[in-house]
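Remarks on the structure that follows.
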Amino acid sequence: STGSSGINAEYGDSQYISTMKFLLVVALIPLAGALNCEVDKALDGVQEYSYTLDVAPSDLDYWKTYGLSFQVYGNFTADNVNSATVEAGYYTEEGDLVYSVSIDCSAATWTSYITENTGKAVFQSGSVTCTEGTWDLWLKVSQPYRMNWIFNAAALQSGTETVGYRSRTRPIKVTTKYGAHKARTFTGSTTSSLDRFSFGKCMTWPGGLTCPDARAWTAARSTTSLGLFGAYDTIFGATCVDGTNYYQNVQAQVLPDETRTSGLDMRKFCCCVDMTTGLLYNNDRNYCIVRSSYNGEECSEMCEVTFEADKFAEGTAP
């Protein structure tokens, strides 16, 4: 058990070979495993962890789009918060660096790195704040050369550019020799502790949060707070019973992940969750289906098993 819940999100701009806007995929993550996340794993305070993808990011027959995210959770204590370091990187199957970041709490700085023709090189750097307690580090990949790091709801990247015939504004290209489509292994390390790793077309939040708290936590990492460097769009979050701490038993704003029929399939999914914890019913992906009707009658019918009338009755009209 990871002791956590979350939401799925496929985020980003357009596919590498099209002008189609990436979809955000949102769903709740259960305690054990993850709904549509490839991995959601408790790390129990280790200081190093690596994960190698079973399916290469370049395999669009499987992934449908290039959008992926990696999340690492850890903990700073009073003893180490002022001296801790955190490092994470994305590497090719041959071990070549795609994109990495190093956080130095003692200097209050971060530095990102890429591979140039001459070897490893600094891409960007800036200031960072480390605080005692839980920390989270994300790598958001939108396209092979458009990706960015987020640490404790702060974007560790800057700069935009106008691209395409539609003149869209996007985060600047990460000018690494090896794009994210060439990557295969994600690594993370710290002098403090690593407590959790998750990966897929998804995003997660700390366990034990009420629905309103979960929405606030994810909003701080969204495009509303971080602009183009947000991990996902705020509108794709957990849906709450108004005026309560409860989750709606039907999470109806779930967009498809790699299980969709194609990268062009934009139909929303719905999932049945526990109204108190937000966990997927029985941790069973069969309780997430395509919304085939406008009003989602099939979702309401399927999710009768998670509906609790007393909790819903505590709510107020929107």
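When LEU194 is tested against (1) open to solvent by 10 Å² or more (accessible area, probe 1.4 Å); (2) in a strand (DSSP E or B); (3) in contact (Cβ under 8 Å) with a residue 40 or more places away in the chain; (4) farther than 24 Å from GLU94 by Cβ, exactly one condition is not met: (1).
Selection of segment 140-189 for residues being farther than 15 Å from TYR113 by Cα and hydroxyl-bearing (Ser, Thr, Tyr) yields SER142, THR160, THR162, TYR165, SER167, THR169, THR185, SER189.
How many of the residues making up segment 274-287 are on the phi < 0 side of the Ramachandran plot, surrounded by fewer than 18 Cβ atoms within 10 Å (Cβ to Cβ) and at pLDDT below 85? Walk me through it before giving the result.
Step one: filter segment 274-287 for residues on the phi < 0 side of the Ramachandran plot, giving 274-277, 279-281, 284-287.
Checking the rest, the ones that are also surrounded by fewer than 18 Cβ atoms within 10 Å (Cβ to Cβ) come to 276, 284-286.
Then keep just the ones that are at pLDDT below 85; that gives 284-285.
Qualifying residue count, segment 274-287: 2.
Of all the residues in segment 115-132, those that are in a strand (DSSP E or B) and either at pLDDT below 95 or of a type in the set (A, V, I, L, M) (or both) number 2.
It is to be established whether one or more residues within segment 286-294 are small (Gly, Ala, Ser) and out of contact with any helix residue (DSSP H, G or I) (no Cβ under 9 Å at 6 or more places or on another chain). Working first, answer last.
Applying the first criterion (small (Gly, Ala, Ser)) to segment 286-294 yields 292-293.
Those left that are additionally out of contact with any helix residue (DSSP H, G or I) (no Cβ under 9 Å at 6 or more places or on another chain): none.
No, the conditions are met nowhere in segment 286-294.
Of the residues making up segment 35-70, those that are over 21 Å from SER193 (Cβ atoms) and modelled with pLDDT under 85 are LEU35, ASN36, CYS37, GLU38.
Residues in segment 75-104 that are without any contact (Cβ under 8 Å) to a residue 40 or more places away in the chain and in contact with a strand residue (DSSP E or B) (Cβ under 7 Å, 6 or more places away or on another chain) were compared, and the one that is surrounded by the fewest Cβ atoms within 10 Å (Cβ to Cβ) is ASP104.
Of all residues in segment 265-303, which are among the charged types (D, E, K, R) and under 24 Å from GLY208 (Cα atoms)? Full working, then the answer.
In the first step, residues of segment 265-303 are kept if they are among the charged types (D, E, K, R); the result is 265, 267-268, 274, 284-285, 291, 297-298, 301.
ASP274, ASP284, ARG285 - these are the residues of segment 265-303 that are among the charged types (D, E, K, R) and under 24 Å from GLY208 (Cα atoms).
Could you tell me whether segment 288-299 includes any residue that is under 21 Å from the mean Cα position of the chain (by Cα), part of a loop (DSSP other than H, G, I, E, B) and crowded, with 18+ Cβ neighbours inside 10 Å? No, there is no match, as no residue in segment 288-299 is under 21 Å from the mean Cα position of the chain (by Cα), part of a loop (DSSP other than H, G, I, E, B) and crowded, with 18+ Cβ neighbours inside 10 Å.
For the condition in contact with a strand residue (DSSP E or B) (Cβ under 9 Å, 6 or more places away or on another chain), modelled with pLDDT of 85 or more, under 30 Å from ASP59 (Cα atoms) and buried (at least 22 other Cβ atoms within 10 Å of the Cβ), what is the one hit in CYS271, CYS303? It is CYS271. Pairing residues of segment 34-53 that are farther than 15 Å from ASN75 by Cα and of a type in the set (A, V, I, L, M, F, W, C) with residues that are open to solvent by 70 Å² or more (accessible area, probe 1.4 Å) and modelled with pLDDT under 85, at Cβ distances under 7 Å and at least 6 apart in sequence or on separate chains, gives LEU35/ARG285. Out of everything in segment 146-191 that is part of a loop (DSSP other than H, G, I, E, B) and of a type in the set (D, E, K, R), what residue ends up being farthest from GLU87 (Cα to Cα)? Within segment 146-191, the match that is farthest from GLU87 (Cα to Cα) is ARG166.
Among residues belonging to segment 203-220 that are part of a loop (DSSP other than H, G, I, E, B) and out of contact with any strand residue (DSSP E or B) (no Cβ under 6 Å at 6 or more places or on another chain), point out the one that is nearest to LYS140 (Cα to Cα). Step through it out loud before you land on a result.
Filtering segment 203-220 down to residues part of a loop (DSSP other than H, G, I, E, B) leaves 207-210, 220.
Going one step further and asking which of them are out of contact with any strand residue (DSSP E or B) (no Cβ under 6 Å at 6 or more places or on another chain), we end up with 208-210, 220.
Numbers: GLY208: 24, LEU209: 23, THR210: 25, ALA220: 15 Å.
That would be ALA220.
Counting only residues that are open to solvent by 50 Å² or more (accessible area, probe 1.4 Å), more than 14 Å from the chain's Cα centre (by Cα) and among the β-branched types (Val, Ile, Thr), segment 208-238 holds 2 of them.
Exactly one residue out of SER142, SER112 is at pLDDT below 95, in a strand (DSSP E or B), crowded, with 17+ Cβ neighbours inside 10 Å and not β-branched (Val, Ile, Thr), and it is SER142.
The values are calculated or read from the model by the stated rules, or taken from the named source; none is laboratory data. What you see is a predicted model, and the numbers here were worked out from it, not measured in a lab. Neighbour counts run over all protein chains shown; Cβ positions are idealised from the backbone, glycine included. Just so you know, the surface numbers come from the protein's heavy atoms only, side chains and all, with ligands and any DNA or RNA stripped out. Shrake-Rupley method; radii C 1.70, N 1.55, O 1.52, S 1.80 Å.
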